[in-house]
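What follows is a single structure, written as structure tokens, with notes after it.
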Amino acid sequence: MKKTIFLIAAFVFAAVISHAQTEKGNQTLGVDLGFGYTKNNGITISPIDNSGTSTSSKYTYFNIGPSYSYFIADKLDIGAQISYQCNNYNYPATAGGLEKQSSYTYGGNVFIRKYIMFKDKLGLRAGAYAGYSRADNKLTYNDLTSAYDQDTKQNGYDAGLRLDLVYYPSKHLGVAASFANLSYQHAKSDSGNQGSGSSDNLNFSFINNNLSLSLFYVFGGK
């Protein structure tokens with residue numbers, strides 16, 4: 001009898017802990033971080049004299065932004081996020097005169113997310129989001145072709161579905177990693193006297209090359 005009571009108590013305790021961080025009334029305050037780096041090296045052979053030239057290209061990606069959410073029900077939160085993102089491509093000298101491509105983006109979104117917890121600390125969260133972004137995209141060519149330099153301003157509107165892996169190492173601390181993302185974006189661009197345009201993009205990523213992490217602090221609730 002004592003053993004049965006003990007097992008029931010242990011089960012109830014585990015059930016409480018498993019959603020303590022995601023129960024109604026809790027709030028989270030965090031920061032999203034993303035980083036990616038790729039470097040390629042190679043040799044270009046001239047068809048005229050078969051001479052070789054060493055070439056290299058680099059790509060760097062960085063993203064940072066604060067976020068806030070509130071649990072309107074157990075394992076269901078709503079919130080908002082703002083972000084800054086930087087992308088830089090450095091091309092080899094033989095890439096058609098193009099030396100560098102850079103993009104700087106500011107944006108924000110609102111979201112709603114459902115949590116599915118396994119045991120007491122590990123789980124998944126999935127939800128929908130919608131947002132706005134403002135980007136400055138630049139193309140920089142070498143001195144001989146600098147007339148092709150371009151500076152484009154872009155306004156984007158996006159929406160999508162996202163899946164994250166969530167881990168709680170302690171009662172008040174959580175970590176999430178981006179697992180999959182399905183998104184649609186409509187964007188309008190203006191390159192000044194070089195023209196303007198619009199685009200519609202549908203993308204799906206699954207454990208992509210960039211590392212995207214969210215660190216957050218859990219507070220409030222009971």
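Annotations for the structure displayed:
- Averaged over residues, the count of other Cβ atoms within 10 Å places the peptides 112-123, 75-86, 139-150 in the sequence 75-86, 112-123, 139-150, highest first.
- The spacing between segment 155-184 and segment 76-152, judged by their C-alpha centroids, is 15 Å.
- Each other residue within a Cβ distance under 10 Å of Gly156 adds +1 if Lys or Arg and -1 if Asp or Glu, for a net charge of +1.
- For segment 64-222: relative contact order, % (alpha-carbon pairs under 8 angstrom, 6 or more apart): 15
- Here the extension length gained between Tyr84 and Leu165 equals 26.9 nm, from 0.36 nm per residue of separation less the Cα-Cα distance.
Rule-based calculations on the coordinates, nothing more; no lab input. Not measured: the values here are computed from a predicted model. No Cβ is skipped: glycine too gets one built from the backbone with ideal geometry, and neighbour counts run over all protein chains shown.
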